[in-house]
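No value in this document is a laboratory result; all are computed from the given coordinates. This structure is a prediction, so every number in the text was calculated from the model and none was measured. Neighbour counts run over all protein chains shown; Cβ positions are idealised from the backbone, glycine included.
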Amino acid sequence: MAKEDMTKLGLSVPAEWDKKIGDWKGRKEEIESTQNGLINMAPIISIGYALIYSVVAVDLSMSLAPYFFANMFPAWYFMSCIWSGLIWTAIFSISMSKTLGTESLMKRNFYHDLGKLTFGFTMFWGYTTFAQYLPIWYGNMTEEIGFFLYRTHGEVFGNITLFTLVVCFGAPFVIFLSRGLKKQPSKYIYAAILAAFGIWMERYIVNMPSIHSYWMVNEDGSPLTGLPFGFIEVGMGLGFLGLFVLVVTSYLNKYPGAVVADPYMEPDPRDVHVHPHHAHAEH
């Protein structure tokens, strides 16, 4: 997109962007070229994402419990990563819209559509979680049932697993049912933060019990009964969160914070959005 068009929309032009638009061929040609590139790359990126995160799920998570074998686990893992991406898209687009100068572009129908996707993946996460548990339970699969029993009925992790299900699925499911809330960024961001915390708890309850069950024992050889939830666990989460924020903000400092020339970003003229009356007072 030309600098003049970006300036009219109130978007700042990072210095790094000059390198990308030095050989500007014109608006129509650039949009067409970019669209063709995106269409060709989309299936490659999607398949690559699924394959890479499936390997990550097995190597970094399932391998912590060497006697646990679940065919559905890799798909459930990378699907929840997509869900997490939608949630963090909402958090960043709301919290940084003024800083990035994209506030005027973030319409209510954008958050409504993003909220519907988030709500859909919330249900899909609950569905795939139960779809894993159900056949293991009624089939009494010995190589898999121990993984769930230690987390759902164990003395250490039983209650926190129930808490995780509420924060990760129950509460977001009820909250995202509201159409009006998804159209109000000031309220939507709190629901997104709650869901992001739920996903962190889900990762904790998937991985930490495996470490706890095999290597965390007392001096006499008896297993620990206390919940392994302290400075190290919280610090690791905050450390990775800080690294994630650093990478995203570093990228956004070099490139525009929103795609404004993509024709697919234009609203469908047949689409009708009804907003709550009190929402007009919000930005």
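For the stretch 28-265, take every pair of Cα atoms, bin their distances at 5 Å starting from 0, and report each bin as a whole percent.
All Cα pairs considered, the percentages come to 1, 5, 11, 15, 17, 16, 13, 9, 6, 4, 2, 1, 0, 0, 0.
Project the alpha carbons of the stretch 56-152 onto their principal axes and report the range along each, largest first, in whole Å.
56, 24, 20
Need one number: nm distance between label points at Ala50 and Phe244, each 7 Å from Cα along Cα→Cβ, rounded to one decimal.
Result for the modelled spin labels: 2.3 nm.
Work through the residues other than Ile160 whose Cβ is under 14 Å from its Cβ and net out their charges, Lys, Arg +1 and Asp, Glu -1.
Summing Lys and Arg as +1 and Asp and Glu as -1 gives -1.
If neighbour count is taken as other Cβ atoms inside 10 Å, put Ile87, Ile136, Ile31, Ile39 in order from fewest to most.
Ile39, Ile31, Ile136, Ile87
Between Glu32 and Ala75, what is the FRET efficiency for a Förster distance of 22 Å, r being their Cβ-Cβ separation, to the nearest 0.05?
Once the sixth-power term is evaluated, E becomes 0.05.
With θ taken as phi - 60° and the coefficients 6.51, -1.76 and 1.60, list the Karplus ³J(HN,Hα) couplings across the stretch 238-253 in order, rounded to whole Hz; mark glycine and proline as x.
5, x, 5, 5, x, 5, 4, 5, 4, 5, 5, 5, 5, 5, 5, 6
Between Met72 and residues 5 or more places away or on another chain, which pairs have amide H atoms under 5 Å apart, with H built 1.01 Å from N, and which residues are they?
none
For the stretch 28-265, what relative contact order do you get, as a whole percent, if you take Cα pairs closer than 8 Å and at least 6 residues apart?
24 percent
So, counting K/R as plus one and D/E as minus one, what does the shell of residues with Cβ under 13 Å around Ser84 add up to?
Taking every other residue near Ser84 into account, the sum is 0.
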